[in-house]
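Written below as structure tokens is the structure these notes are about.
The values are calculated or read from the model by the stated rules, or taken from the named source; none is laboratory data. From a predicted model like this one, the values you see are computed outputs, not experimental measurements. Positions of Cβ are generated from backbone atoms using ideal geometry, with glycine treated the same way; all protein chains shown enter the neighbour counts.
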Amino acid sequence: MRREGGKKHFRLSGLVLVTAVSLLAACNFADWTDGGARRTATTPLAALSLHPVANCDEYRDRLADGLFHSFTEGYVYGYGYLEGDTLPAASADTAAPGGAAGAGGAQQKSTPDAVSQTNTQEAGVDEADLVKTDAQGILYVVRNRYLLVEKGFPPAELAELARLDLAINVSRLYLDEANRRLVIFGDDPVFLSVAVDKVSSSPIAPDYYNRTHIVFVDIHDPAAPKVSSRLLLDGYQVDSRMVAQRVHLVTRFNTPVPAALTADTEFAQLLAQYWQTRWGDGKTPVDSVQLADLEQQLREHIKAALRATAVEDLLPRLTRINAAGESSGTQLLACGDISRPEVGERAGLQIVSSFDSDGDKLQATAITGDAWEVYASPQNLYLAQNSGYWWWGGGEQQQPQTVVHKFAISGNAPQYRATGAVAGWINDQFNLSEYAGRLRLATSRFMTGILAANGDNGNDLYILEDDGAGRLATRGSVQGFAANERIYSVRFVEDSAYVVTFRQVDPLFTFDLSDADQPRLVGSVEIPGFSTYMHPLDKTHLLTIGRGGDSTGATNQLQLQIFDVSDLAAPKRTFSYVPVSGSAGYSWSEAAYNHLAFTYFAPRGLLAIPLQSYNAANEFNGFALLHVDTTTGFTDLGRVDHRDLARQAVCADSAANLSPDSYQYYCGDARGFIYAAYPLRSVFMTEGEQTYLYTLSTVGIKATDTNAPSVALGKLTFPWP
């Protein structure tokens, strides 16, 4: 099940919280699973398809149902308050370390011939990242609360051009190079210290955990970036994509609990009585008549509180802030912009907002649901949700399912098009792919614990097609492969698919999808361990990263592999490489679970990955650089160590930055730097036959020649938090 993005509260107020928590402690998992009985039911597509909300009364009714489920299942999302009324303008630090501000600026002496870009899933669909690089070789980095603009080329002149304090803790950014703009996302409590205008005086105004901050920055002069505007959206960021200059953002808005309900002591007492009746002592039979009566009373209290609350206070708001810091607020959505399925879900909205890279032309739509996985092609955006989010209690006997909602994003406003549902759950965005107008997806029906013996464990691959009438209909499928295994990684390449499953060995399965009505599993190869990410080197070879394995199933070391898939019926592992040799210790790379950290530069056949290793004899925190060739395999070109940057970043001003204990931990022992410098991303730049590597960690940047990666040509440190 996907780990949900964003930050969440799990709190009730007063008696409600105490009651729910204390009674949940008495819950029996076997009861929730209906005694471990076999789960055979599936939810029909008709109940999962979306229908427009007719009016605000229907929206309130939907909220009432969702809040009832949330309270009676034991969790409700709470809300706080923002204080203050002004937002200070961002300021540029003109005395930043690493070089004088304005050095080089827009007047670069030279530019690279080529620059690597973010490793995205689909061509033409950008993904927000920690660093973006333009054709001039300038790196735009978000770190802590800063935008850092770094002159990257030539590497010996690596220097900080500008440091812009954005007053929020920024997370990722986009670069619209054609229009010289940055779109920067943030959603952190740092913003509370400078506060924002409330749109209204509502007693249920969302707090900082539930706001997405978007900062638009003009970079016509990279040495003097300027904040042109900001957007603040109620709800936290789930994911986003950018196609051309249009950004498509998915956020989650947890509907606030009305103040009239949190202050309702009778409701709190009824809820406590409900929980006591439902669970009791685990021995006395449940009084179903009394339980039904309590449920009805709870629903009536919830509906009354919602009727007493202005509908504007139950919908997400949008705040615009101009360059002068002046703000104006409006509703992000109206009731008519919301669609819903028939199936019951907790109260909240998944919102798709589309806007230009300067924040203009914002339009949004929303669904009631919990669709956390996002995939996008240049034309369409898909939201995928697994059945764990409409699975209320044990009576339904719900088998694992995934529902997928399709939205067209080629116009200004995202438009809902169709819904499809298949068996099993997906792992991540790579389980989905659109090709030739059809959606392909791979799922696992893999259950553990009490349910494992009572379910049909296996994996399926589906091809869905929009029938033009609101349904993603199944054209073809391959069902039931790799019983008792679960999918660890998927990659679709044109009309082929590659799936890795794992339990004790690493089977790579190959599929021919050229006939949408009859897709075929045509081959497989088993390797100890498993792969977590697959990268196409060309049409006939895959480069994978994951964990190695031995006869005992141990997977303590990172492993790279090359597979020849020119013959789908007979895939072959041609090469493998373990960056850290030996069975002792442990090695890790963020690239194994985050494709944005996997940097393969195809023009030169170079691969750079973050690498951390731990053992008694050697510890390393930096990057591994390799040459990858389908005929000769892997050539290790060396390492880029960032532990010295940690010492420089953290210990240069120890009196100001560190307590005595922290100083001893980070600065008194070089081994402590294994934790201080976390490797993040890489960028390649070329000049003629020469290739340079720029590696970014939590503490700074190093520029090196790929012929001698251990020797820094330039380096600088990031501001230490």
For the range 352-366, which residues satisfy the criterion of being hydrophobic (A, V, I, L, M, F, W, C) and closer than 11 Å to Val183 by Cα?
Phe355
Of the residues Glu312, Glu300, Glu266, which single one is closer than 25 Å to Asp61 by Cβ, outside any loop (DSSP other than H, G, I, E, B) and touching a residue at least 40 places away in the same chain (Cβ under 8 Å)?
Glu312
Given the options Asp221, Asp197, name the one that is modelled with pLDDT of 90 or more and in a loop (DSSP other than H, G, I, E, B).
Asp221
Could you check the range 496-523 and list, in sequence order, the residues that are under 15 Å from Ser433 (Cβ atoms) and surrounded by fewer than 17 Cβ atoms within 10 Å (Cβ to Cβ)?
Ser514
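Residue-wise test of (1) in contact with a Pro (Cβ under 6 Å, 6 or more places away or on another chain); (2) of a type in the set (A, V, I, L, M, F, W, C); (3) at pLDDT 90 or above; (4) crowded, with 18+ Cβ neighbours inside 10 Å.
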residue: Gly74; (1), (2), (3), (4): no, no, no, no
residue: Tyr81; (1), (2), (3), (4): no, no, no, no
residue: Asp85; (1), (2), (3), (4): no, no, no, no
residue: Ala100; (1), (2), (3), (4): no, yes, no, no
residue: Ala103; (1), (2), (3), (4): no, yes, no, no
residue: Val115; (1), (2), (3), (4): no, yes, yes, yes
residue: Asp126; (1), (2), (3), (4): no, no, yes, yes
residue: Leu139; (1), (2), (3), (4): no, yes, yes, yes
residue: Leu148; (1), (2), (3), (4): no, yes, yes, yes
Would you point out the residue of the range 435-458, among those that are in a strand (DSSP E or B) and modelled with pLDDT under 95, that is surrounded by the most Cβ atoms within 10 Å (Cβ to Cβ)?
Ser444
If I filter the range 551-565 down to residues being touching a strand residue (DSSP E or B) at 6+ places or on another chain (Cβ under 7 Å) and part of a loop (DSSP other than H, G, I, E, B), which single residue comes out as modelled with the lowest pLDDT?
Thr555
State all residues of the range 577-628 that are among the small types (Gly, Ala, Ser) and under 19 Å from Val490 (Cα atoms); if no residue qualifies, say none.
Ser589, Ala591, Ala592, Ala597
Among the candidates Ser697, Ser682, residue that is within 18 Å of Tyr600 (Cβ to Cβ), under 25 Å from the mean Cα position of the chain (by Cα) and touching a residue at least 12 places away in the same chain (Cβ under 8 Å):
Ser682
Name the residues in the range 215-229 that are hydroxyl-bearing (Ser, Thr, Tyr) and over 26 Å from the mean Cα position of the chain (by Cα), would you?
Ser228
Does Val650 satisfy the condition of being at pLDDT 80 or above, among the β-branched types (Val, Ile, Thr), in contact with a helix residue (DSSP H, G or I) (Cβ under 6 Å, 6 or more places away or on another chain) and surrounded by 16 or more Cβ atoms within 10 Å (Cβ to Cβ)?
no
Glu485 - would you say it is under 26 Å from the mean Cα position of the chain (by Cα) and farther than 25 Å from Asn119 by Cβ?
yes
All but one of (1) surrounded by fewer than 20 Cβ atoms within 10 Å (Cβ to Cβ); (2) at pLDDT 95 or above hold for His301; state the number of the condition that does not hold.
(1)
Taking the range 400-417 on its own, how many of its residues are within 12 Å of Ala384 (Cα to Cα) and either among the small types (Gly, Ala, Ser) or out of contact with any His (no Cβ under 9 Å at 6 or more places or on another chain) (or both)?
6
Between a residue in the range 45-62 that is surrounded by 13 or more Cβ atoms within 10 Å (Cβ to Cβ) and any residue that is assigned to a helix (DSSP H, G or I), which pairs come within a Cβ distance under 6 Å, given they are 6 or more apart or on different chains?
Val53/Tyr59; Val53/Cys335; Cys56/Val311; Cys56/Cys335; Tyr59/Cys335; Arg60/Leu306
Could you tell me which residue of the range 288-331 is farthest from Ile214 (Cα to Cα), considering only residues that are hydroxyl-bearing (Ser, Thr, Tyr) and in contact with a Ser or Thr (Cβ under 6 Å, 6 or more places away or on another chain)?
Ser327
Would you be able to tell me the number of residues in the range 480-499 that are at pLDDT below 95 and not in a loop (DSSP other than H, G, I, E, B)?
5
Can you say whether Gly344 is in contact with a strand residue (DSSP E or B) (Cβ under 9 Å, 6 or more places away or on another chain), touching a residue at least 12 places away in the same chain (Cβ under 8 Å) and closer than 30 Å to Leu271 by Cβ, as far as the supplied structure shows?
no
Within the range 341-360, which residues are more than 19 Å from the chain's Cα centre (by Cα) and of a type outside the set (Val, Ile, Thr)?
Pro341, Glu342, Gly344, Glu345, Arg346, Ala347, Phe355, Asp356, Ser357, Asp358, Gly359, Asp360
Among the acidic types (Asp, Glu), over 30 Å from the mean Cα position of the chain (by Cα), within 23 Å of Asn431 (Cα to Cα) and not assigned by TED's automatic domain parsing to the domain that holds Phe634: does that describe Asp538?
no
